[in-house]
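Notes follow once the structure below has been shown.
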């Protein structure tokens, strides 16, 4: 038994080292004095200063943030509606088609998705004159195409585990369906909707393959800029940028996790109070 536990512990440690040791080394070398990212030349923060003076990276980061925010919002709205339709409307005409369309981006190779969207945008521009060229609009539409599938799966899964007796009880007491949705259903599935928004934001922020097909001059996102720089050799300011991104993601994840824990404790307390009042 001890040998087995030691083996499991060793494999777990090896797995975490494999995943996080490169990130730790990247963070350490972001404070490297040397221009060579593989040779330690002393502690320095000068590359963070170089990063904030690099207008190309800052502009690409701001563009990626805007696209990711618009994509996450649109994908969350469409994905939530699709999840509601699949989870609550039972069998209806076109359900198999909607299910296939909602889940196809999950398994479709990104190269195929990017190429098909590029051909679609070119055909639409020739037919109706929109979208004019490739830029923010085409990137946002392309990102919404695949990210809404993830939101649909998350929301549908949460609705599948929702106790419908709560909604039925509210309607028995005279509440209209719209009021039941906004006062009962929506607050319960809100954590899933927020999780879907965060997932869509992350997928859009770090997408490279699809973006490469539908981007154009003057609309290079941060992953595209980083990839073009890495092809010529990694510069230390890229390590500084990646360190700041890791810090932002860790902070946001921690805050969101604490919020979710607080909400769960509040719901558990309300349930306990309701049980005590009925007794």
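The values are calculated or read from the model by the stated rules, or taken from the named source; none is laboratory data. Since the structure is predicted, the reported quantities are computational estimates derived from the model, not experimental observations. Cβ: placed from backbone, ideal geometry, glycine included. Neighbour counts: every protein chain shown.
For segment 90-104, which positions are free of Cβ contacts under 8 Å to residues at least 12 places away in the same chain and within 30 Å of residue 212 (Cβ to Cβ)? Matches in segment 90-104: 97, 100, 101. Scanning segment 36-53 for residues that are touching a residue at least 12 places away in the same chain (Cβ under 8 Å), assigned to a loop (DSSP other than H, G, I, E, B) and out of contact with any strand residue (DSSP E or B) (no Cβ under 9 Å at 6 or more places or on another chain) yields 37, 45. The single condition among (1) at pLDDT below 85; (2) under 21 Å from residue 208 (Cα atoms); (3) out of contact with any helix residue (DSSP H, G or I) (no Cβ under 9 Å at 6 or more places or on another chain) that residue 107 does not satisfy is (1).
Checked against the criteria, residue 270 counts as exposed (fewer than 12 other Cβ atoms within 10 Å of the Cβ) and either modelled with pLDDT under 85 or part of a helix (DSSP H, G or I) (or both). Residue 267 meets each of the listed conditions (1) closer than 18 Å to residue 65 by Cβ; (2) free of Cβ contacts under 8 Å to residues at least 12 places away in the same chain apart from (1).
Are any of the residues in segment 155-175 outside any helix (DSSP H, G or I) and surrounded by 19 or more Cβ atoms within 10 Å (Cβ to Cβ)? No, the conditions are met nowhere in segment 155-175. Residues that are on the phi > 0 side of the Ramachandran plot and either surrounded by 12 or more Cβ atoms within 10 Å (Cβ to Cβ) or not in a helix (DSSP H, G or I) (or both) do occur in segment 82-96. The requirement of being over 20 Å from residue 225 (Cα atoms) and touching a strand residue (DSSP E or B) at 6+ places or on another chain (Cβ under 7 Å) is fulfilled nowhere in segment 71-89; no residue meets it. Against the test of being more than 26 Å from residue 76 (Cβ to Cβ) and either touching a strand residue (DSSP E or B) at 6+ places or on another chain (Cβ under 8 Å) or surrounded by 17 or more Cβ atoms within 10 Å (Cβ to Cβ) (or both), the options 230, 224, 214, 234 yield a single qualifying residue, 234. Considered as a group, the residues in segment 8-30 that are touching a residue at least 40 places away in the same chain (Cβ under 8 Å) and part of a helix (DSSP H, G or I) include one that is surrounded by the most Cβ atoms within 10 Å (Cβ to Cβ), and that residue is 29.
Just one of the listed residues (75, 87, 82) is closer than 24 Å to residue 181 by Cα, touching a residue at least 60 places away in the same chain (Cβ under 8 Å) and more than 18 Å from the chain's Cα centre (by Cα), and it is 87. Only one of these conditions is not met by residue 56: (1) part of a helix (DSSP H, G or I); (2) surrounded by 13 or more Cβ atoms within 10 Å (Cβ to Cβ); (3) touching a residue at least 40 places away in the same chain (Cβ under 8 Å); (4) out of contact with any strand residue (DSSP E or B) (no Cβ under 8 Å at 6 or more places or on another chain). Which number is it? Tallying (1) part of a helix (DSSP H, G or I); (2) surrounded by 13 or more Cβ atoms within 10 Å (Cβ to Cβ); (3) touching a residue at least 40 places away in the same chain (Cβ under 8 Å); (4) out of contact with any strand residue (DSSP E or B) (no Cβ under 8 Å at 6 or more places or on another chain), residue 56 fails exactly one: (2). For residue 151, state whether it is over 23 Å from the mean Cα position of the chain (by Cα), assigned to a helix (DSSP H, G or I) and under 24 Å from residue 89 (Cβ atoms). Taking the combined requirement at face value, the residue does not satisfy it.
Only a single item in (1) under 30 Å from residue 117 (Cα atoms); (2) out of contact with any helix residue (DSSP H, G or I) (no Cβ under 7 Å at 6 or more places or on another chain); (3) modelled with pLDDT under 90 is not met by residue 137, and it is number (3). When residue 237 is tested against (1) in contact (Cβ under 8 Å) with a residue 24 or more places away in the chain; (2) part of a helix (DSSP H, G or I); (3) within 24 Å of the chain's Cα centre (by Cα), just one condition goes unmet, and that condition is (3).
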